[in-house]
Amino acid sequence: MAEAVESKYAQSQLRQLNAALSTGRFVSVRKLLHELPPSDVALILESSPTKTRDELWDLIDADIHGDILEELSEEVRNGIITKMIPANVVDALEEMDTDDLAETLSSLPDEVLQDILQSMDAQDRHRAEQALSYGEETAGFIMNTDTITLRPDVTVDVVLRYIRLKGDLPENTDTFYVVNRTDNLVGIVPVARLLTADPDDKVLDVMDEEAEAIPVNMQDDEVASMFERYNWLSAPVVDEKHRLVGRITIDDVVDIIREDAEHSMMSMAGLDDEEDTFAPVLQSTKRRSIWLGVNLVTALLAAAVSDLFEATLSQLAVLAILNTIVPSMGGVAGNQTLTLVIRGMALGHVNASNSRWLVSKELAVGFLNGVIWAVLIASVIALWKQDAMLGVIIAFAMLVNMIAAALSGATLPIIMKKLKIDPALAGSVILTTITDVVGIFAFLGTATLFLI
């Protein structure tokens, strides 16, 4: 519901902007853009064709370029940045949080990145290089460095006076971190506890020494799982020596969850989750052609298996009619298992200790489903075609393919993860190929043995 309202609002704003642009009322366009929050401006830019997007960007005040770039998807943001003068990009990135800076810079082409780094002063260049030093999809890559640290030997009264003197707190601050003289994390103090503590108490007396910390190299999907498990609003990030290096907040985790969901959805169709809806025709055609080519190869492989039994098909035309049933049922059953296992892996439920049990369970499910649907299809075919042997043959092929589908659906994601291949991207194609080949071979091969 919220997405539908957001979409209608964006469409309404976009219509107003397009109407103003088409009549040359650029002052009105500029005014409309400046009245909107950066997230809405980003949504409008992503909803615009490339030419309109460029015109709108030129009308946006440079002071808010950085805020808007933070909200844009990777491909749209890169398209805008590559057309900007490096010095202007540096100005836009200057106020960015560390995590947003790392994400923005890491996705740029190398030559553009180097031009931007060269345009930065020494301090900003150091901050940028430090942000990029952590691997993508790690806790270090998505963390912020804007933390407030306390010493355990100071009093609550001193801390409160310091906060009042400071005037404001970093965004989404719900916890202060207690460190020793070497910056090792020794505890945390929730803001609520600090506000209600006796002013004469020391931080040591009110801090929680058992607080969990996130290793800087932890994968971001594991970070998201920890936030979900412990209902955190923020969490400290530590290096290998347990020194505090930053913090991760719930808004960063929401972005991870959303990106993972988009990635899974788009990968099932062989598309990049950051693909620009309004990308140029040739660019979109090139990207999609790669995946269509892969699918064509797998389709030709299944066709080649059918070609092995050309003589059988020419003698019994009924086999050609029934040949699609077994692969189709196997494909559906296999994708059910594949989706279940990929979901379990994403949630952290599937690991080395239980994967063997899961494969056995799915094999049992595949066998039972195979028996049920084999008996049903055998009865239907025997009555329909008045041929009991044909019913037995298709039943046998159905049972074999359902077992193969269950085994493939359960093992492919596990194997692909070990090979560092995204199962959401390639799993479905490989599985469909297996069920097509096994189904066709089992059906036509058995028919050749017993009917020809």
Quick one: compute the contact order of the chain, relative version, from alpha carbon pairs under 8 angstrom and 6+ residues apart, as a percent.
12
Determine the per residue accessible area of the chain with all protein chains present and a 1.4 angstrom probe, expressed in square angstrom.
54
Using alpha carbon centroids, what distance separates region 187-224 and region 231-262, in Å?
14
How big is the chain by the Kirkwood estimate over distinct Cα pairs, in Å?
26.6
Could you grab the Rg to Rh ratio for region 111-202? Cα atoms only, Kirkwood for Rh.
1.10
Using all alpha carbons of region 1-160, what is the percent of pairwise distances in each 10 Å bin, ordered from the shortest bin to the longest?
9, 33, 28, 19, 8, 2, 0
Say the cut-off is 24 Å between C-alpha atoms; which of Lys286/Lys417; Lys166/Lys202; Lys83/Lys286; Lys31/Lys166; Lys51/Lys286; Lys51/Lys83 go over it?
Lys286/Lys417; Lys31/Lys166
Amide H to amide H under 5 Å from Val237: which residues, 5+ apart in sequence or cross-chain, H placed 1.01 Å off N in plane?
Ile214, Val245, Gly246, Arg247, Ile248
Which value in deg cm²/dmol, rounded to the nearest 500, describes the helix-derived mean residue ellipticity at 222 nm for the chain, given -39,500 (n - 2.57) per DSSP H run of n ≥ 4 and division by the residue count?
-22000 deg cm²/dmol
Per-selection metrics, region 73-128 (Cα): Rg and Dmax in Å:
10.1, 28
Which distance in Å, rounded to a whole number, links the C-alpha centroids of region 68-118 and region 416-452?
44
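The values are calculated or read from the model by the stated rules, or taken from the named source; none is laboratory data. Because the structure is a prediction, the values reported are computed rather than measured. Side chains are part of the model used for accessible areas, which takes the heavy atoms of the whole protein and leaves out ligands, DNA and RNA. Shrake-Rupley method; radii C 1.70, N 1.55, O 1.52, S 1.80 Å.
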